[in-house]
Amino acid sequence: MAFGLGDILQTLQQGVQAVNNLTTQIKTTFPQATTSSTSAPATLGTITFTSSEATGFLLVALSSGVTVKFPYYPQ
């Protein structure tokens, strides 16, 4: 079975299209970060280890209108 440059080009184009389709699907599945914050949510709880303290919070506005906070930590 012989392969030419046209076959290789077509395969690469299909790979690029697959990556583009995946990117589009990820963007529609996962919400985008809207802003960030360094203040903790107003809930009860204690942090027992300094390494567990969040550096900040990623704020994400959901399609329902609710804004949620996701903590991020130092490396």
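Throughout, read-outs are computed from the coordinates displayed, never taken from laboratory work. For clarity, every value in this text was computed on a predicted model and none was experimentally measured. So basically every Cβ, Gly included, is an ideal-geometry build from the backbone, and we count neighbours across all protein chains shown.
Between LEU12 and ALA33, the C-beta separation translates, for a Förster distance of 25 Å, into a calculated FRET efficiency of about 0.20.
With the simple spin-label model, which puts each label point 7 Å out from Cα in the Cβ direction, the VAL19 to PHE70 separation comes to 2.3 nm.
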